[in-house]
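The next block holds one structure in the form of structure tokens; read it before the comments.
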Amino acid sequence: MTQPPQPALPPPVLAQAKPPNCPDLAAQAKWAMGWLHTTRFLITAAQLHHLPRYRLPEIAFVGRSNAGKSTCINTLTQQNQLAYASKKPGRTQHINLFALGRQGQTDAVLADLPGYGYAAVPKHDKIRWQEVMANYLMRRENLCGVVLLCDPRQGLTELDDILLEVIRPRVEAGMHFLVLLTKADKLNRSEAAKALSIARLQAGGGQVRLFSALKRQGVEETALLLSQWVAGWKPPAPLSPLGDMPPSPSDGLS
Ligand code: GDP
């Protein structure tokens, strides 16, 4: 497959997002929502070594297909079509990167990874994508945090567990990790409490929150948390010279 055209790199300096330095959490969350609204499509890549390397914090969104990932990204960024770009034929098995930052600056990158576990995908494609995702999650140097979307009525599945194992060393080394229990509007109070406590046991050091795009539950809190991750990010030292990510032997999940 030919490589898609590469967009111009954002400035190689760290222009970090800085939420207002005030104790008012509501004001900070509002700022974070405005910041996320600046998100724009950057690039799509079918292979890891096609991903440009940025000296910018990157937050990856992962989850089983149908977990509510696209809806979550669109809700957080307040853009109806943004993540559905990832569902266009030809892009479903790509990593889609989005840039965000005010006034045309880029201070962070969001990565939308392909949903996994979709039954209709041929087995060899599934395995290839598990390998690409595992490699991305283990090796992407500027990865600042991972958001795992999970439909609590299904719970964390075997594939989610594999993903948790893959990222565990990085979470233990300080990488941020959030499990968002999506479609929370479909749960009553006791179901929600039960889902939260089960996911907390499984999340291995990550945070867990309820999220509903429909009821706008957890939206501003999540926006605030992501902005805090980015504001506190320090580039890994030394970050190897900027350029394309080198190909590597696959470290598969299978
Ligand atoms: P993806 O495959 O993970 O990107 O999932 P989508 O974002 O496409 O969502 C899958 C289905 O769940 C769609 O029918 C959405 O309308 C639905 N959905 C997503 N978020 C919510 C939510 O917060 N509440 C409810 N009730 N349905 C949701």
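Structural remarks
- Of the residues N66, N74, the single one that is at positive phi and in contact (Cβ under 8 Å) with a residue 12 or more places away in the chain is N66.
- Applying the condition of being out of contact with any Phe, Trp or Tyr (no Cβ under 8 Å at 6 or more places or on another chain), over 24 Å from E158 (Cβ atoms) and of a type in the set (F, W, Y) to the stretch 38-84 and asking which residue is modelled with the highest pLDDT yields Y54.
- Scanning the stretch 110-127 for residues that are under 30 Å from L56 (Cα atoms) and of a type in the set (A, V, I, L, M, F, W, C) returns L110, A111, L113, I127.
- Answer residue from the stretch 194-216, given it is of a type outside the set (A, V, I, L, M) and more than 20 Å from the chain's Cα centre (by Cα) and is nearest to M175 (Cα to Cα) among those: S197
- Test for N96: is it surrounded by 21 or more Cβ atoms within 10 Å (Cβ to Cβ), in contact with a strand residue (DSSP E or B) (Cβ under 7 Å, 6 or more places away or on another chain) and of a type in the set (S, T, N, Q): yes
- Single residue of the stretch 66-80 satisfying the filter (assigned to a helix (DSSP H, G or I) and surrounded by fewer than 21 Cβ atoms within 10 Å (Cβ to Cβ)) that is farthest from the ligand (Cβ to nearest atom): N74
- For the residues A195, A184, A213, the requirement of being surrounded by 20 or more Cβ atoms within 10 Å (Cβ to Cβ), in contact with a Cys (Cβ under 7 Å, 6 or more places away or on another chain) and of a type in the set (G, A, S) singles out A213.
Residue-wise test of (1) of a type outside the set (F, W, Y); (2) within 18 Å of C72 (Cβ to Cβ).
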| position | (1), (2) |
| --- | --- |
| Y84 | no, yes |
| N96 | yes, yes |
| G101 | yes, no |
| T106 | yes, no |
| P122 | yes, no |
| R139 | yes, no |
| C144 | yes, yes |
| E172 | yes, no |
| K186 | yes, yes |
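The values are calculated or read from the model by the stated rules, or taken from the named source; none is laboratory data. What you see is a predicted model; the values in this text were computed from it and never measured. Because the Cβ atoms are built from the backbone with ideal geometry, glycine has one as well, and the counts that use them run over all protein chains shown.
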